[in-house]
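Working notes, structure below.
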Amino acid sequence: MERTPIAKAINAGLRAAMERDPRVLLMGEDIGRLGGVFRVTDGLQKDFGEHRVLDTPLAEAGIVGTALGMALRGYRPVCEIQFNGFVYPAFSQIVTQLAKLRARSRGRLSVPVVIRMPAGGGIGSVEHHSESPEVLFAHTAGLRVVYPSTAHDAYWMVQQSIASADPVLFLEPERRYWEKGDVDTSLAPGQVAPLHRARVLRPGSDATLVAYGPTVKLALDAAAEAAREGTELEVVDLRSISPLDVDTVAESVRRTGRLVVVQEAPVFHGAGAEVAARIQESCFYSLEAPVKRVGGYHLPYPAARVEEHYLPTVDRVLDAVEQALAA
Amino acid sequence: MTDAAVGPARARGEEMVQLLDATGARREHPGYDVHLEPDEALDVLRELVLLRRLDAEAEALQRQGQLGLWAGSRGQEAAQVGAARALRRQDHVFPSYRDHGFLLARGVDPLHVLSLFRGVDHGGWDPVAHGVHPYTLVIAAQMLPAVGYAMGVQRDGAVGTGDPGRDTAVLVCFGDGATSQGEAAEALNWAAVYNAPVVFLCQNNQWAISEPVRQQSPVPLHRRAEGAGMPGVRVDGNDVLAVLAVVRAAAERARSGGGPTFVEAYTYRMGAHTTADDPTRYRDAAEVDAWRERDPIDRFRTHLRALGVLDDAAERAIQQEADAFAERLRAGVPQMPDPHPASMFEHAYAEPHPQVLAERDEFLAAWARHEQDEQLGSTVGGDR
Ligand SMILES: Cc1ncc(C[n+]2csc(CCOP(=O)(O)OP(=O)(O)O)c2C)c(N)n1
Ligand SMILES: [Mg+2]
């Protein structure tokens, strides 16, 4: 157990996967010599060489398209997209090829590519660096989409994603890269939670807060605040957007009767909408109040000096909780 | 002195257009020439100096926490000032994100650039009034729109009329790294297929963040033009006269209906990629020092001194203007008001969108509660 920032935990997870399997390769812009703009791949090119850690030309379609080709040849490429807003040149390769090749070949072809991408805002950056595009990918059949919120999960989930036979979009909460957490690296593979299992991080009986990625900490902060006022909120970290572990959420909601989903992405057509729909289908008679959603607005991500008003805050979460409790 | 960049380039049979060598001595070129009247020459120097000053001030403002980020143009002044000088009022520029020289040249208040890097907006200038598109941060994403704009120019009949006030060129800026994007290849192809009036200005500053240009392409970048079917020229990007001459010819060709040209301005990014970058992790100080010898402003200054166009009084006048310019930036940036939070709900759509309107109402209601709570000295229900 060591206190490790999320960025370093991912680095350690990549290193472990590369040591275990010589077919694991890293590809991306500035990931070698520089170690990535967030230093997530720091030192890996030095230790594994340029054949396994590729500083690629500046072309995302190229990164994902060639990764797919290498996967056909038995490699397990892990692509880094430098920032969330720069994935779109690769969108065609991801959606039309990577996601569909298994189905198109009736299972004869396997493309175990991982695409790592920092996501979410709150870092005071310029345009295209703070977006939360997870549902564009979650809406694409054939892809798995995961989003760890803690260093421990980041360490294990990146390895599980690499081991997956399916392509995985691995989102990294960029504003949390330097937040430290305990990482238990000593677990045997069987002891690690399955990649797509949600996790209850804080038990509570009054309402359930569902969050993922960067909003998990927010949900925990809100729960701590609520506890001071005597309200006990249960916090569930989804960890995976596709597939969605509805059972874990439903089990919680059956006990609390109330649900608030917190995400950074726009609420409109967002992951929270899917959670809300599934929960009303599976536990309609346990619900005491309509499901509330807190998240970004249906707007282009605003300029840095306004972003604090766009992002969900503890107060907005508590407002929603209050409304759920009042219903 | 031998020219560090010209040497190896020559060895590969690559010519680079130069009208001033690194020492500031005037060179002849069979294909290109340019003559500046003394006043205009001093004005070019003035623009070079102001652009460098903008960079220095912005870097300092970033360090003081007044800007979130800064992407500097230091070292690339001649490429930008020279190219901008080749344009006419009706021409249109599609910049990337460190093309501040084009904005100054086209009369944009530099505070409108700094507001972007402060995080106040995405660039405050009027793209139509100044003929400068908003900065594009997605690498190469401005290239196809620039070609499309040029196709619009063609359809307006604003090409090849011979009227110097009407014929229009479109200049698009991009970096060496950008040439790797698929869209860059598409843009060259489209421009060539439609014979669009475009000048592709590639500022090859040798680096794309930490990646040297050889990791983007094994062939000199201007040779991309050949495959696309347009002329490609490599110009010394630290030679403001050569850039002016080459881009002027390319823009004239575009305006006259001759079609697109690819210009590779061979230059160097003297500073970090942005203030968030640490170039000591990937490049040697010796390389930077070698390029410092090729400084675009010193070179032009030496030339003007030799011509007798620049004397101490003129130099002082420029420095005084630069000081006043800097003072204005230092005073203006900290005073920039933050936008009203609700302003983010503006302009996402031209026509009403019910969900956005509902979200805005909800936001405003929460905001009003927050303001009220503030007055009551409480933070309950507020944003922070
Ligand atoms: C599509 C896309 N991918 C990645 C990035 C991240 N990024 C920003 S600048 C840059 C390097 C650009 O190099 P170059 O084109 O040479 O321009 P320069 O910064 O040197 O002016 C990268 C990779 C981006 N902005 N857009
Ligand atoms: Mg460059």
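The values are calculated or read from the model by the stated rules, or taken from the named source; none is laboratory data. Everything numeric here is computed off the predicted structure, so don't read it as measured data. Here Cβ is always computed from backbone atoms with ideal geometry, including for glycine, and neighbour counts include all displayed protein chains. These area figures cover heavy atoms from the full protein model, side chains too; ligands, DNA and RNA do not enter into them. Shrake-Rupley method; radii C 1.70, N 1.55, O 1.52, S 1.80 Å.
Summary of computed values
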{"quantity": "Mean separation of Cα contacts under 8 Å (6+ apart) over length of chain A, as relative contact order %", "calculated": "16 percent"}
{"quantity": "Ellipticity estimate at 222 nm from DSSP helix runs (n ≥ 4, -39,500 (n - 2.57)) divided over chain A, nearest 500", "calculated": "-10000 deg cm²/dmol"}
{"quantity": "q = 0.14, 0.21 Å⁻¹: log10 I(q)/I(0) that the Debye formula gives for the stretch A:250-319, counting C-alpha atoms only", "calculated": "-0.47, -0.86"}
{"quantity": "Difference of contour (0.36 nm per residue) and Cα-Cα distance, B:Asp311 to B:Glu287", "calculated": "5.4 nm"}
{"quantity": "Of B:Leu304, B:Leu111, B:Gln18, farthest towards positive along the dipole that unit charges on Lys, Arg, Asp, Glu beta carbons give the protein assembly as shown", "calculated": "B:Gln18"}
{"quantity": "Per-residue average of Cβ from other chains inside 10 Å of A:121-131", "calculated": "4"}
{"quantity": "Backbone N within the stretch B:168-188 under 17 Å of label point (7 Å from B:Asp156 Cα along the Cβ vector)", "calculated": "B:168-172"}
{"quantity": "Radius of gyration and maximum dimension Dmax of chain A, Cα, Å", "calculated": "19.4, 59"}
{"quantity": "Stretch gain in nm, segment B:Asp126-B:Ala276, where the contour uses 0.36 nm per residue and the Cα spacing is subtracted", "calculated": "51.2 nm"}
{"quantity": "Antiparallel DSSP beta bridges within chain B, as percent of all bridges there, nearest 5", "calculated": "10 percent"}
{"quantity": "Contact order relative to length of the stretch B:100-172, as percent, for alpha carbon pairs under 8 angstrom and 6 or more apart", "calculated": "18 percent"}
{"quantity": "Shielding score for A:294-304, defined as the mean number of other chain Cβ atoms within 10 Å", "calculated": "6"}
{"quantity": "Centroid-to-centroid separation of the stretch A:12-28 and the stretch B:157-231 [C-alpha atoms, Å]", "calculated": "37 Å"}
{"quantity": "Cα-based shape type of the stretch B:34-170, given that a ≥ b ≥ c are square roots of the gyration tensor eigenvalues and the cut on a/c is 1.5", "calculated": "oblate"}
{"quantity": "Heavy-atom accessible area, 1.4 Å probe, ligands and nucleic acids excluded: residues of the stretch B:184-220 down by at least 10 Å² from chain alone", "calculated": "B:Ala208, B:Ile209, B:Ser210, B:Glu211, B:Gln215, B:Gln216"}
{"quantity": "Carbon plus sulfur fraction of accessible area for the protein assembly as shown, probe 1.4 Å, in percent", "calculated": "51 percent"}
{"quantity": "Extent along principal axes [Cα atoms of chain B; Å; largest to smallest]", "calculated": "76, 49, 42"}
{"quantity": "Rounded FRET efficiency, nearest 0.05, which uses the C-beta distance separating B:Ala348 from A:Ala224 and R0 of 56 Å", "calculated": "0.95"}
{"quantity": "Residue-count net charge about B:Leu144 - beta-carbon cut-off 10 Å; Lys, Arg +1, Asp, Glu -1", "calculated": "-2"}
{"quantity": "Extreme residue, positive dipole direction of the stretch A:189-254, given options A:Ala226, A:Pro214, A:Pro189 (C-beta unit charges)", "calculated": "A:Pro189"}
{"quantity": "Rounded to whole Hz, the Karplus (6.51, -1.76, 1.60) HN-Hα couplings of the stretch A:27-37, x for glycine and proline", "calculated": "9, x, 8, 6, 8, x, 4, 7, x, x, 5"}
{"quantity": "At 1.306 mPa s and 10 °C, Stokes D of the protein assembly as shown from Kirkwood alpha-carbon radius, µm² per second", "calculated": "58 µm²/s"}
{"quantity": "Equivalent ellipsoid semi-axes, the stretch A:4-191, via Cα gyration tensor eigenvalues times 5, rooted, Å", "calculated": "22, 19, 17"}
{"quantity": "Loop trypsin sites (Lys or Arg not before Pro), the stretch B:282-363 (other Cβ atoms within 10 Å of the site Cβ: 10 or fewer; DSSP)", "calculated": "none"}
{"quantity": "In nm, spacing of pseudo-spin labels at B:Ala324 and A:Ala103 (7 Å Cα→C-beta vector)", "calculated": "6.6 nm"}
{"quantity": "The stretch B:16-80: GluC sites (Glu not before Pro) falling in loop per DSSP and having at most 16 other Cβ within 10 Å", "calculated": "B:Glu28"}
{"quantity": "Antiparallel %, DSSP beta bridges [both residues in chain A], to 5", "calculated": "20 percent"}
{"quantity": "Separation between Cα centres of the stretch A:48-109 and the stretch B:28-90, rounded to whole Å", "calculated": "39 Å"}
{"quantity": "Nearest 10 degrees, 0 to 90: helix B:240-255 Cα axis against chain B principal axis", "calculated": "80 degrees"}
{"quantity": "Interface size B-A, as summed buried accessible area [1.4 Å probe, Å², nearest 100]", "calculated": "3700 Å²"}
{"quantity": "Neighbourhood charge, 15 Å Cβ-Cβ cut-off, centred on A:Thr41 and excluding it, Lys, Arg +1 and Asp, Glu -1", "calculated": "-3"}
{"quantity": "Accessible area in square angstrom per residue, chain B, 1.4 angstrom probe", "calculated": "41 Å²"}
{"quantity": "Accessible area per residue in Å² at 1.4 Å probe, computed on chain A", "calculated": "38 Å²"}
{"quantity": "Cα gyration tensor shape of the stretch A:179-327, rounded if a/c is under 1.5, else prolate or oblate by comparing a/b with b/c", "calculated": "rounded"}
{"quantity": "Net charge dipole size for the stretch A:199-326 [Lys, Arg +1 and Asp, Glu -1 on Cβ; Debye, nearest 20]", "calculated": "160 debye"}
{"quantity": "Helix-only [θ]222 nm of chain B, DSSP H runs n ≥ 4, -39500 (n - 2.57) each, per residue, nearest 500", "calculated": "-14000 deg cm²/dmol"}
{"quantity": "22 Å Cα-Cα reach of A:Lys8 towards lysines, excluding residues that sit fewer than 8 places from it in its own chain", "calculated": "A:Lys46, A:Lys180, A:Lys217"}
{"quantity": "Net dipole in debye of the protein assembly as shown [+1 Lys, Arg Cβ; -1 Asp, Glu Cβ; about Cα centre; nearest 20]", "calculated": "2140 debye"}
{"quantity": "Cα→Cβ-extended label distance, 7 Å offset, between A:Ile123 and B:Gln355, nm", "calculated": "2.7 nm"}
{"quantity": "Share, in percent, of DSSP beta bridges within the protein assembly as shown that are antiparallel, nearest 5", "calculated": "20 percent"}
{"quantity": "B:Val17 long-range amide H proximity, modeled H, under 5 Å", "calculated": "B:Arg234, B:Val235, B:Asp236"}
{"quantity": "Averaged over A:57-69, number of beta-carbon atoms from partner chains that fall within 10 Å", "calculated": "4"}
{"quantity": "For chain B: relative contact order, % (alpha-carbon pairs under 8 angstrom, 6 or more apart)", "calculated": "21 percent"}
{"quantity": "Ranked packing of A:45-51, B:147-153, most packed first, by mean Cβ within 10 Å", "calculated": "B:147-153, A:45-51"}
{"quantity": "Per DSSP, loop GluC sites (Glu not before Pro) in the stretch B:256-309 with at most 16 further Cβ within 10 Å", "calculated": "B:Glu293"}
